[in-house]
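*Asks:* Sharing a structure below in C-alpha cells format, with a few things to ask.
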Amino acid sequence: HPDDAIGATATAMATTGAGTRPRLTSTEPITNSDRTPVTPYVLTYGHPRVDGTLSSWSTASIAGLADLRPSQVVGIPGWTPANLSARIYTMWDERYFYLAADVRDQTFNYAPIGFNMYMGDSVQYGWGMDANAWLRDTGQNRYNVTAGLTHQGPANFQYNLLGPWTDMLVQIKPDAASGDLIYTTAVPWSRLGNYMPKVGNQFAFNLI
C-alpha cells in the first residue's frame with residue numbers, strides 16, 4: 001500500500017573510556033527513531049504494449065524512485081531529481097513479466113551492445129525464482145538481463161547466456177513532451193526457469 005512505511009528505533013547506552021573496555025557512565029539511554037516509505041513490489045495483471053510509451057501502463061504497479069531525499073542517494077554527489085530519477089512500472093500475464101521505466105536524466109549516454117551494456121544508460125534486472133536463489137544465492141534459478149538504448153537501437157544482454165534474449169521485447173524512446181527516456185520491456189516467463197505465474201506466487205527481484 002502506498003502509505004506503508006518501515007519504522008525503526010535504536011537505543012544505545014552512553015559510555016566513556018579508552019581502549020577496549022569502555023566504562024558505563026550513565027543509565028539514561030540514547031534513543032533515535034525514523035521512518036522511511038516502503039517501495040511496493042507487487043505486479044498487477046495486464047497486457048501493456050511494448051512500444052516506448054506509457055499510454056497502456058495506467059493500471060500498472062508503480063515504484064516511485066523520483067521522490068527520494070538526497071540522504072537516500074549514495075555515490076552521486078550533487079544528486080537532484082532532475083539529474084537522475086525514475087518511476088518503475090510492473091505488470092504480468094501468463095506469458096510475460098512486463099517492466100517499464102520513466103527515467104529523467106540531464107545527460108544521456110548510449111549503452112554499448114553486448115557485455116558492457118551496463119556501462120551506458122540502461123536498466124538492469126535480477127530475479128531469484130525460488131528460495132535457494134533468494135535466501136542462499138545458490139541454484140540455477142537466478143537470472144539477470146540489461147536493457148538499453150544503443151546507437152543501433154534498443155537491445156538487451158543476458159549474463160547467464162552471455163548474449164541477448166532474442167524473444168525479450170524491448171522498445172526504448174525519448175518522450176517528446178518531457179524529454180524523459182521511456183523503457184518498455186517484456187520478458188517471457190519461459191526465460192525464467194519456466195516459473196509458473198499465478199496470483200499469490202512470489203519471487204525475488206531487484207533493479208539497477
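The values are calculated or read from the model by the stated rules, or taken from the named source; none is laboratory data. Only a predicted model underlies this, so the values are computations on that prediction, with no experimental measurement involved. Quick reminder, even Gly has a Cβ in these numbers, built from the backbone with ideal geometry, and neighbours come from all protein chains shown. What goes into the accessible areas is simple: the full protein's heavy atoms, side chains included, and nothing from ligands, DNA or RNA. Shrake-Rupley method; radii C 1.70, N 1.55, O 1.52, S 1.80 Å.
*Asks:* Once the principal axes of the Cα atoms of the stretch 66-105 are found, what is the range along each, listed largest first in whole angstroms?
*Replies:* The Cα atoms of the stretch 66-105 stretch 42, 16, 15 Å along their principal axes.
*Asks:* Please report, in whole Å³, the volume per residue of the convex hull around the C-alpha atoms of the chain.
*Replies:* Per-residue hull volume (Cα only) is 191 Å³.
*Asks:* Of the peptides 107-116, 82-91, how do they stack up when ordered by the mean number of other Cβ atoms within 10 Å, highest first?
*Replies:* 82-91, 107-116
*Asks:* In the full protein assembly as shown, how much of Asp102 is accessible to a 1.4 Å probe, in Å² to the nearest 10?
*Replies:* That residue has around 40 Å² of solvent-accessible surface.
*Asks:* Rounded to whole Å and sorted largest first, list the principal axis extents of the Cα atoms in the stretch 149-208.
*Replies:* For the stretch 149-208, the Cα spread along each principal axis is 37, 28, 19 Å.
*Asks:* Heavy atoms only, probe 1.4 angstrom, no DNA, RNA or ligands counted: give me Lys173, Lys198 ranked by accessible area, highest first.
*Replies:* If we order Lys173, Lys198 from most to least accessible, we get Lys198, Lys173.
*Asks:* Hey, another quick one. Per-residue ellipticity at 222 nm for the chain, helices alone: DSSP H runs ≥ 4 residues times -39500 (n - 2.57), over residue total, nearest 500 deg cm²/dmol?
*Replies:* Theoretical 222 nm ellipticity from helices: -500 deg cm²/dmol.
*Asks:* Could you work out the mean projected area of the convex hull around the alpha carbons of the stretch 104-181, in square nanometres to one decimal?
*Replies:* 6.3 nm²
*Asks:* Just need the relative contact order of the stretch 65-208 here, percent rounded to a whole number, with Cα pairs under 8 Å and 6+ apart.
*Replies:* The value is 24 percent.
*Asks:* What list of ³J(HN,Hα) values in whole Hz, one per residue of the stretch 31-37 in order, does the Karplus curve 6.51 cos²θ - 1.76 cosθ + 1.60 (θ = phi - 60°) give from phi, with Gly and Pro shown as x?
*Replies:* Running phi through 6.51 cos²θ - 1.76 cosθ + 1.60 with θ = phi - 60° gives 10, 9, 10, 7, 9, 9, x Hz.
*Asks:* Another one. Please list 3J(HN,Hα) in residue order for the stretch 184-193, calculated via the Karplus relation 6.51 cos²θ - 1.76 cosθ + 1.60 where θ = phi - 60°; whole Hz, with x for glycine and proline.
*Replies:* Values per residue, Gly and Pro as x: 10, 9, 9, 10, x, 4, 4, 7, 10, x Hz.
*Asks:* Report the FRET efficiency, 1/(1 + (r/R0)^6), for Asn194 and Ile76, where r is their Cβ-Cβ distance and R0 is 45 Å, rounded to 0.05.
*Replies:* Given R0 = 45 Å and the Cβ-Cβ separation, E is 0.75.
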